[in-house]
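The values are calculated or read from the model by the stated rules, or taken from the named source; none is laboratory data. Being a predicted model, the structure only gives us computed values, none of them experimental. With ideal geometry, Cβ positions are generated from the backbone for all residues, glycine too; neighbour counts draw on all protein chains shown. Ligands, DNA and RNA are excluded from the accessible area calculation, which covers all protein heavy atoms including side chains. Shrake-Rupley method; radii C 1.70, N 1.55, O 1.52, S 1.80 Å.
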Amino acid sequence: MTNPSVLVTCELDRAQLEPLADRFDITYAITENRRRSLAGQVPTALATADVIISEIDLVDLDTLEKAPRLDLVVSCRAAPVNVDLAACAMRSIPVCTTPGRNADSTADLTFSLILDATRRITEASMWMRRGEWTADNSSEPYRRFKGPTLRGRTLGVVGGGAVGRRVAVRGLGFGMDVLIYDPFLTQEALPPGTTLATLDDLLAQSDVVTLHVPLVKETIGLIDADRLAAMKQGAYLVNASRAAVVIEDALVDSLRSGHLAGAGLDVFREEPPAPQNPLLQLENVVVTPHIAGASYDVIRPQTEMVIEILTAYADGADLPYRAREDLVDFRKVESVTTA
(Lines give C-alpha, C1' and ligand atoms only; values in the text may rest on other atoms or scores of the structure.)
Protein backbone atom coordinates (compact mmCIF):
# COMPACT_ATOMS: atom_id res chain seq x y z
CA MET A 1 0.00 0.00 0.00
CA THR A 2 1.43 3.36 -1.02
CA ASN A 3 1.60 6.33 1.30
CA PRO A 4 -0.86 9.21 0.81
CA SER A 5 0.56 11.98 -1.37
CA VAL A 6 0.65 15.40 0.31
CA LEU A 7 1.07 18.56 -1.78
CA VAL A 8 2.36 21.52 0.25
CA THR A 9 2.23 24.94 -1.43
CA CYS A 10 2.97 27.16 1.59
CA GLU A 11 5.81 27.48 4.05
CA LEU A 12 5.94 24.84 6.79
CA ASP A 13 8.72 23.73 9.12
CA ARG A 14 10.10 20.83 7.14
CA ALA A 15 12.21 19.55 10.03
CA GLN A 16 9.06 19.25 12.15
CA LEU A 17 7.41 17.21 9.39
CA GLU A 18 10.31 14.75 9.06
CA PRO A 19 8.79 12.19 11.49
CA LEU A 20 5.86 11.83 9.09
CA ALA A 21 8.10 10.88 6.17
CA ASP A 22 7.41 7.17 6.64
CA ARG A 23 3.63 7.72 6.52
CA PHE A 24 3.29 10.31 3.73
CA ASP A 25 4.94 11.20 0.45
CA ILE A 26 5.30 14.97 0.85
CA THR A 27 5.88 17.20 -2.18
CA TYR A 28 6.76 20.84 -1.67
CA ALA A 29 5.67 23.17 -4.46
CA ILE A 30 5.93 26.55 -2.78
CA THR A 31 4.02 29.15 -4.80
CA GLU A 32 3.99 32.92 -4.69
CA ASN A 33 0.86 32.82 -2.50
CA ARG A 34 -0.99 35.35 -4.66
CA ARG A 35 -4.60 34.16 -4.37
CA ARG A 36 -4.41 32.33 -7.67
CA SER A 37 -5.93 28.96 -8.43
CA LEU A 38 -3.62 26.02 -7.90
CA ALA A 39 -5.05 24.57 -11.11
CA GLY A 40 -2.91 26.96 -13.13
CA GLN A 41 0.20 26.71 -10.95
CA VAL A 42 0.80 23.04 -10.12
CA PRO A 43 -1.51 20.99 -12.38
CA THR A 44 0.82 17.99 -12.59
CA ALA A 45 1.19 17.67 -8.83
CA LEU A 46 -2.57 17.98 -8.35
CA ALA A 47 -3.17 14.87 -10.41
CA THR A 48 -1.68 12.62 -7.72
CA ALA A 49 -2.44 14.63 -4.59
CA ASP A 50 -4.44 13.02 -1.79
CA VAL A 51 -3.95 16.03 0.50
CA ILE A 52 -3.43 19.71 -0.29
CA ILE A 53 -1.94 22.10 2.27
CA SER A 54 -2.14 25.76 1.21
CA GLU A 55 -2.41 29.21 2.72
CA ILE A 56 -3.45 31.81 0.15
CA ASP A 57 -3.52 29.80 -3.08
CA LEU A 58 -7.07 29.12 -4.19
CA VAL A 59 -8.37 25.60 -3.83
CA ASP A 60 -11.30 26.25 -6.15
CA LEU A 61 -13.47 24.15 -8.45
CA ASP A 62 -10.78 24.12 -11.15
CA THR A 63 -8.29 22.82 -8.61
CA LEU A 64 -10.64 20.06 -7.50
CA GLU A 65 -11.26 19.00 -11.09
CA LYS A 66 -7.52 18.52 -11.58
CA ALA A 67 -7.18 16.57 -8.32
CA PRO A 68 -9.29 13.41 -8.74
CA ARG A 69 -7.67 11.67 -5.74
CA LEU A 70 -8.05 14.57 -3.35
CA ASP A 71 -9.25 13.42 0.07
CA LEU A 72 -8.34 16.33 2.43
CA VAL A 73 -7.65 20.07 2.24
CA VAL A 74 -5.77 21.95 4.94
CA SER A 75 -5.98 25.73 4.82
CA CYS A 76 -3.24 27.32 6.92
CA ARG A 77 -5.56 30.08 8.04
CA ALA A 78 -8.18 30.57 10.74
CA ALA A 79 -10.90 31.13 8.14
CA PRO A 80 -10.48 29.08 4.93
CA VAL A 81 -11.35 31.92 2.55
CA ASN A 82 -9.02 30.43 -0.06
CA VAL A 83 -11.04 27.21 -0.27
CA ASP A 84 -14.31 26.62 -2.10
CA LEU A 85 -16.06 24.90 0.80
CA ALA A 86 -19.20 24.16 -1.20
CA ALA A 87 -17.25 22.43 -3.95
CA CYS A 88 -15.34 20.41 -1.37
CA ALA A 89 -18.59 19.42 0.31
CA MET A 90 -19.96 18.20 -3.03
CA ARG A 91 -16.95 15.87 -3.23
CA SER A 92 -17.16 15.00 0.49
CA ILE A 93 -13.66 16.38 0.95
CA PRO A 94 -13.08 17.57 4.55
CA VAL A 95 -11.42 20.94 5.09
CA CYS A 96 -9.30 21.72 8.15
CA THR A 97 -7.72 24.98 9.27
CA THR A 98 -5.00 26.19 11.64
CA PRO A 99 -6.84 28.50 14.06
CA GLY A 100 -4.74 30.60 16.40
CA ARG A 101 -1.54 30.03 14.40
CA ASN A 102 -0.79 33.75 14.55
CA ALA A 103 -2.42 34.49 17.91
CA ASP A 104 0.76 35.74 19.57
CA SER A 105 1.75 37.78 16.54
CA THR A 106 -1.69 39.41 16.42
CA ALA A 107 -1.68 40.06 20.15
CA ASP A 108 1.74 41.72 19.85
CA LEU A 109 0.58 44.00 17.05
CA THR A 110 -2.63 44.78 18.92
CA PHE A 111 -0.69 46.01 21.89
CA SER A 112 1.62 47.93 19.58
CA LEU A 113 -1.45 49.74 18.23
CA ILE A 114 -2.65 50.41 21.78
CA LEU A 115 0.69 51.91 22.79
CA ASP A 116 1.03 53.87 19.56
CA ALA A 117 -2.47 55.32 19.72
CA THR A 118 -2.38 56.23 23.41
CA ARG A 119 1.17 57.60 23.46
CA ARG A 120 0.88 59.13 19.96
CA ILE A 121 4.15 57.59 18.81
CA THR A 122 3.58 57.71 15.05
CA GLU A 123 2.11 61.21 15.26
CA ALA A 124 5.14 62.44 17.22
CA SER A 125 7.54 60.66 14.89
CA MET A 126 6.05 62.26 11.77
CA TRP A 127 6.01 65.68 13.46
CA MET A 128 9.69 65.31 14.26
CA ARG A 129 10.56 64.05 10.77
CA ARG A 130 8.92 67.15 9.29
CA GLY A 131 11.50 69.21 11.14
CA GLU A 132 9.03 70.79 13.54
CA TRP A 133 11.18 70.08 16.61
CA THR A 134 13.51 73.05 16.65
CA ALA A 135 15.86 74.63 19.13
CA ASP A 136 13.46 77.46 19.95
CA ASN A 137 10.64 75.00 20.80
CA SER A 138 12.63 72.18 22.41
CA SER A 139 9.99 71.58 25.09
CA GLU A 140 7.05 71.63 22.64
CA PRO A 141 6.92 67.82 22.17
CA TYR A 142 6.44 67.31 25.92
CA ARG A 143 3.40 69.58 25.88
CA ARG A 144 1.99 68.52 22.51
CA PHE A 145 2.16 64.72 22.72
CA LYS A 146 0.96 63.83 26.19
CA GLY A 147 -1.09 60.67 26.48
CA PRO A 148 -2.47 58.39 29.17
CA THR A 149 -0.39 55.92 31.17
CA LEU A 150 -1.82 52.42 30.87
CA ARG A 151 -1.30 51.33 34.48
CA GLY A 152 -4.55 51.69 36.34
CA ARG A 153 -6.60 52.12 33.17
CA THR A 154 -9.22 49.62 32.02
CA LEU A 155 -8.72 47.45 28.96
CA GLY A 156 -11.85 45.99 27.40
CA VAL A 157 -11.27 42.88 25.28
CA VAL A 158 -14.18 41.97 23.03
CA GLY A 159 -13.75 38.28 22.27
CA GLY A 160 -11.97 35.88 24.60
CA GLY A 161 -10.51 33.49 22.04
CA ALA A 162 -6.86 32.72 21.36
CA VAL A 163 -5.94 36.31 20.49
CA GLY A 164 -8.19 38.02 23.02
CA ARG A 165 -6.80 35.99 25.91
CA ARG A 166 -3.25 36.84 24.93
CA VAL A 167 -4.07 40.55 24.65
CA ALA A 168 -5.69 40.37 28.08
CA VAL A 169 -2.56 38.87 29.62
CA ARG A 170 -0.45 41.61 28.03
CA GLY A 171 -2.81 44.19 29.52
CA LEU A 172 -2.36 42.67 32.97
CA GLY A 173 1.39 42.95 32.47
CA PHE A 174 0.97 46.68 31.98
CA GLY A 175 -0.96 46.95 35.23
CA MET A 176 -4.35 47.42 33.58
CA ASP A 177 -7.70 46.27 34.85
CA VAL A 178 -8.97 43.86 32.18
CA LEU A 179 -12.59 43.18 31.25
CA ILE A 180 -13.49 40.49 28.72
CA TYR A 181 -16.76 40.12 26.83
CA ASP A 182 -17.46 36.74 25.32
CA PRO A 183 -20.96 35.23 25.37
CA PHE A 184 -19.54 31.70 25.11
CA LEU A 185 -17.17 31.82 28.10
CA THR A 186 -17.52 31.68 31.86
CA GLN A 187 -15.39 33.49 34.41
CA GLU A 188 -13.53 30.25 35.13
CA ALA A 189 -12.38 30.04 31.51
CA LEU A 190 -10.72 33.47 31.54
CA PRO A 191 -7.08 34.28 32.34
CA PRO A 192 -6.63 34.80 36.10
CA GLY A 193 -6.95 38.44 37.06
CA THR A 194 -9.44 39.32 34.30
CA THR A 195 -13.18 39.85 34.69
CA LEU A 196 -16.05 38.69 32.52
CA ALA A 197 -18.37 41.56 31.60
CA THR A 198 -21.36 42.29 29.43
CA LEU A 199 -20.64 44.21 26.25
CA ASP A 200 -22.53 47.25 27.54
CA ASP A 201 -20.56 47.34 30.79
CA LEU A 202 -17.27 46.79 29.00
CA LEU A 203 -17.87 49.67 26.60
CA ALA A 204 -18.96 52.01 29.38
CA GLN A 205 -16.00 51.27 31.66
CA SER A 206 -13.03 50.74 29.33
CA ASP A 207 -10.39 53.30 28.48
CA VAL A 208 -9.21 51.10 25.61
CA VAL A 209 -11.47 48.67 23.73
CA THR A 210 -9.86 46.07 21.48
CA LEU A 211 -11.76 43.72 19.15
CA HIS A 212 -10.99 40.02 18.69
CA VAL A 213 -14.16 38.33 17.49
CA PRO A 214 -14.60 36.04 14.47
CA LEU A 215 -16.57 37.41 11.56
CA VAL A 216 -19.95 35.69 11.75
CA LYS A 217 -23.44 36.96 11.00
CA GLU A 218 -23.86 38.17 14.58
CA THR A 219 -20.64 40.21 14.68
CA ILE A 220 -21.06 42.12 11.42
CA GLY A 221 -21.60 45.72 12.49
CA LEU A 222 -21.30 44.79 16.17
CA ILE A 223 -19.68 48.14 16.96
CA ASP A 224 -22.11 50.61 15.42
CA ALA A 225 -22.86 54.29 16.12
CA ASP A 226 -24.84 53.49 19.28
CA ARG A 227 -22.11 51.31 20.75
CA LEU A 228 -19.43 53.84 19.87
CA ALA A 229 -21.49 56.49 21.65
CA ALA A 230 -21.71 54.15 24.66
CA MET A 231 -17.93 54.12 25.00
CA LYS A 232 -16.24 56.39 27.53
CA GLN A 233 -15.51 59.93 26.44
CA GLY A 234 -11.84 59.99 25.42
CA ALA A 235 -11.52 56.21 25.02
CA TYR A 236 -9.58 54.42 22.31
CA LEU A 237 -10.73 51.69 19.90
CA VAL A 238 -8.34 49.11 18.42
CA ASN A 239 -9.32 46.66 15.69
CA ALA A 240 -7.00 43.94 14.43
CA SER A 241 -9.74 41.39 13.75
CA ARG A 242 -12.14 42.15 10.89
CA ALA A 243 -13.16 45.56 9.59
CA ALA A 244 -16.81 44.60 9.18
CA VAL A 245 -17.13 44.29 12.97
CA VAL A 246 -17.07 48.11 13.07
CA ILE A 247 -19.25 50.51 11.10
CA GLU A 248 -16.43 52.52 9.60
CA ASP A 249 -18.40 55.68 8.85
CA ALA A 250 -19.66 55.80 12.44
CA LEU A 251 -16.10 55.39 13.70
CA VAL A 252 -14.97 58.33 11.59
CA ASP A 253 -17.77 60.48 13.04
CA SER A 254 -16.86 59.50 16.60
CA LEU A 255 -13.19 60.33 16.04
CA ARG A 256 -13.94 63.63 14.35
CA SER A 257 -16.31 64.70 17.11
CA GLY A 258 -13.69 64.00 19.76
CA HIS A 259 -15.83 61.46 21.56
CA LEU A 260 -13.08 58.91 20.95
CA ALA A 261 -9.54 60.11 21.59
CA GLY A 262 -8.08 57.80 18.98
CA ALA A 263 -8.02 54.48 17.22
CA GLY A 264 -5.57 51.84 16.07
CA LEU A 265 -6.56 49.90 12.94
CA ASP A 266 -5.01 47.01 11.06
CA VAL A 267 -8.11 46.26 8.94
CA PHE A 268 -10.30 48.36 6.67
CA ARG A 269 -13.62 48.16 4.89
CA GLU A 270 -11.81 48.23 1.56
CA GLU A 271 -8.29 46.87 1.35
CA PRO A 272 -6.19 48.61 0.41
CA PRO A 273 -8.12 51.71 1.50
CA ALA A 274 -8.36 54.59 -0.93
CA PRO A 275 -5.93 57.45 -0.21
CA GLN A 276 -8.90 59.73 0.48
CA ASN A 277 -10.26 57.43 3.18
CA PRO A 278 -10.76 59.77 6.16
CA LEU A 279 -9.21 57.25 8.53
CA LEU A 280 -5.91 57.83 6.73
CA GLN A 281 -6.24 61.59 7.19
CA LEU A 282 -7.01 61.75 10.91
CA GLU A 283 -3.93 62.32 13.07
CA ASN A 284 -5.49 60.47 16.00
CA VAL A 285 -5.70 57.21 14.01
CA VAL A 286 -2.78 54.76 13.82
CA VAL A 287 -2.94 52.48 10.79
CA THR A 288 -1.11 49.36 9.61
CA PRO A 289 -1.75 47.42 6.36
CA HIS A 290 -3.36 44.20 7.69
CA ILE A 291 -0.10 42.80 9.07
CA ALA A 292 -1.19 41.48 12.47
CA GLY A 293 -0.31 37.91 11.52
CA ALA A 294 2.84 38.75 9.59
CA SER A 295 5.51 36.95 11.60
CA TYR A 296 8.14 34.37 10.71
CA ASP A 297 7.25 32.64 13.97
CA VAL A 298 3.79 31.71 12.66
CA ILE A 299 5.27 28.77 10.74
CA ARG A 300 6.00 26.62 13.79
CA PRO A 301 2.52 26.65 15.39
CA GLN A 302 0.80 26.18 12.04
CA THR A 303 3.09 23.23 11.30
CA GLU A 304 2.24 21.70 14.69
CA MET A 305 -1.46 21.84 13.83
CA VAL A 306 -0.80 20.41 10.35
CA ILE A 307 1.00 17.49 12.00
CA GLU A 308 -2.02 16.88 14.28
CA ILE A 309 -4.32 16.89 11.26
CA LEU A 310 -2.16 14.58 9.14
CA THR A 311 -1.64 12.16 12.03
CA ALA A 312 -5.38 11.92 12.63
CA TYR A 313 -5.94 11.46 8.89
CA ALA A 314 -3.41 8.62 8.71
CA ASP A 315 -4.89 6.97 11.81
CA GLY A 316 -8.45 7.22 10.51
CA ALA A 317 -9.38 9.31 13.57
CA ASP A 318 -11.62 12.36 13.80
CA LEU A 319 -9.92 15.30 12.13
CA PRO A 320 -9.11 18.24 14.42
CA TYR A 321 -9.57 21.88 13.45
CA ARG A 322 -12.39 21.26 11.01
CA ALA A 323 -13.36 24.43 9.13
CA ARG A 324 -16.12 26.42 10.79
CA GLU A 325 -19.19 26.73 8.60
CA ASP A 326 -20.47 29.91 10.28
CA LEU A 327 -17.51 32.11 9.38
CA VAL A 328 -18.21 34.86 6.85
CA ASP A 329 -15.72 35.63 4.08
CA PHE A 330 -14.50 39.09 5.09
CA ARG A 331 -13.66 39.97 1.48
CA LYS A 332 -17.32 39.71 0.54
CA VAL A 333 -18.62 41.80 3.44
CA GLU A 334 -16.28 44.64 4.23
CA SER A 335 -16.69 46.39 0.89
CA VAL A 336 -20.44 46.82 1.44
CA THR A 337 -20.68 47.47 5.18
CA THR A 338 -21.50 51.18 5.45
CA ALA A 339 -24.76 51.46 7.38
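Go through the range 149-169 residue by residue and tally those that are farther than 21 Å from residue 223 by Cβ and open to solvent by less than 60 Å² (accessible area, probe 1.4 Å).
Our first condition is that a residue be farther than 21 Å from residue 223 by Cβ; within the range 149-169, this holds for 149-152, 169.
This time we only want the ones that are open to solvent by less than 60 Å² (accessible area, probe 1.4 Å), so: 150, 152.
So the count comes out to 2.
Would you check if residue 78 is open to solvent by 10 Å² or more (accessible area, probe 1.4 Å), in contact (Cβ under 8 Å) with a residue 24 or more places away in the chain, closer than 24 Å to residue 8 by Cα and of a type outside the set (D, E, K, R)?
yes
Go through (1) open to solvent by 40 Å² or more (accessible area, probe 1.4 Å); (2) outside any loop (DSSP other than H, G, I, E, B) for residue 146 and report which single condition fails.
Looking at each condition in turn, residue 146 falls short on (2).
Among the hydroxyl-bearing types (Ser, Thr, Tyr) and open to solvent by 30 Å² or more (accessible area, probe 1.4 Å), is that true of residue 186?
On the way: among the hydroxyl-bearing types (Ser, Thr, Tyr): yes; open to solvent by 30 Å² or more (accessible area, probe 1.4 Å): yes.
The answer is yes for residue 186.
Taking the range 179-220, which residues are within 18 Å of residue 251 (Cα to Cα) and charged (D, E, K, R)?
Result: 200, 207.
Is it the case that some residue within the range 89-111 is under 30 Å from residue 310 (Cα atoms), among the polar types (S, T, N, Q), open to solvent by less than 20 Å² (accessible area, probe 1.4 Å) and touching a strand residue (DSSP E or B) at 6+ places or on another chain (Cβ under 7 Å)?
Yes: one or more hits.
Report whether or not residue 209 is hydrophobic (A, V, I, L, M, F, W, C), closer than 29 Å to residue 329 by Cα and either part of a loop (DSSP other than H, G, I, E, B) or modelled with pLDDT of 95 or more (or both).
Details: hydrophobic (A, V, I, L, M, F, W, C): yes; closer than 29 Å to residue 329 by Cα: yes; either part of a loop (DSSP other than H, G, I, E, B) or modelled with pLDDT of 95 or more (or both): yes.
Judged against the criteria, residue 209 is a match.
Which of the residues spanning the range 5-36 are open to solvent by 30 Å² or more (accessible area, probe 1.4 Å) and closer than 21 Å to residue 87 by Cβ? Before you say what the answer is, go through the steps one by one.
Of the range 5-36, the ones open to solvent by 30 Å² or more (accessible area, probe 1.4 Å) are 11, 13-16, 18-19, 21-23, 25-28, 30, 32-36.
Within the range 5-36, 33, 34, 35, 36 qualify.
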